[in-house]
Amino acid sequence: MKKILYIHGFASAGSTGSATQMRNHLYPKGVQVVSPDVPVSPAKAIVFLRNLVETEQPDLIVATSMGAMYAEQLKGIRRILVNPSFHMARLLTFRGLGRREFRNKRQDGATVFKVDKQMIQEFQQVEKESFKDIDAQEKQLVWGLFGTQDKLVNCQKDFIKHYGKERMQLFEGEHFLNDKVLSKVVMPLVEAICEIV
């Protein structure tokens, strides 16, 4: 059975509707979608995801926003980065510290978390590892999908600089995935990459 790892964005969870929709669409086609809750701590998150890739051995990673920033660093595996947010530390510093609510249900039951200076420092450390060891072979493993109406994040220049314009695709949409973008843009690419019929 083929396996896809879905990595959610900031303040979200593995229960996000995008992962659920992917699972419902792909399971009848013999594809398992693994979609865990990513730890809130960036330092713990990247270690958790590296270990997860090691144990699960997914055929493809689909990741959005903050999750796509982490996924970029998971070298040697095919991955789709949807509206990647490569500068989380800067984004959160600009938006301010404090209490945030999770947008989706977490497995541990947590409903809130805190953005503090330590989290921002951890993001700064993790982000230092972005865009390392990208050779021609590595470039062929990465696709970038960018919404033309994304008002939250725009990291197209970063992506083009490191992976090239030919690895990038624009779509009509905003930062957060909706059912239409998932079914018309993301899923066809997933099925093409994984040769799912």
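The values are calculated or read from the model by the stated rules, or taken from the named source; none is laboratory data. For clarity, every value in this text was computed on a predicted model and none was experimentally measured. Positions of Cβ are backbone-derived with ideal geometry, glycine not excepted, and every protein chain shown enters the neighbour counts. Side chains included, ligands, DNA and RNA excluded: accessible areas come from the protein's heavy atoms. Shrake-Rupley method; radii C 1.70, N 1.55, O 1.52, S 1.80 Å.
Observations on the model:
- Scanning segment 75-100 for residues that are of a type outside the set (D, E, K, R), open to solvent by 10 Å² or more (accessible area, probe 1.4 Å) and under 23 Å from M1 (Cβ atoms) turns up G76, I77.
- Contact map, segment 95-109: first residue at positive phi and in contact (Cβ under 8 Å) with a residue 60 or more places away in the chain, second residue basic (K, R) and open to solvent by 100 Å² or more (accessible area, probe 1.4 Å), Cβ cut-off under 9 Å, separation 6 or more or different chains; the map is empty.
- Residue in segment 105-118 that is in a helix (DSSP H, G or I) and open to solvent by 80 Å² or more (accessible area, probe 1.4 Å) present: yes
- Only one of L189, L177 that is within 16 Å of the chain's Cα centre (by Cα) and within 22 Å of D37 (Cα to Cα): L177
- Pair list, Cβ < 6 Å and 6+ apart or interchain, from segment 46-57 residues that are without any contact (Cβ under 8 Å) to a residue 40 or more places away in the chain to residues that are not in a helix (DSSP H, G or I): F48/P39
- Test for E166: is it over 30 Å from N24 (Cβ atoms), open to solvent by 30 Å² or more (accessible area, probe 1.4 Å) and either in contact with a Lys or Arg (Cβ under 9 Å, 6 or more places away or on another chain) or not in a loop (DSSP other than H, G, I, E, B) (or both): yes
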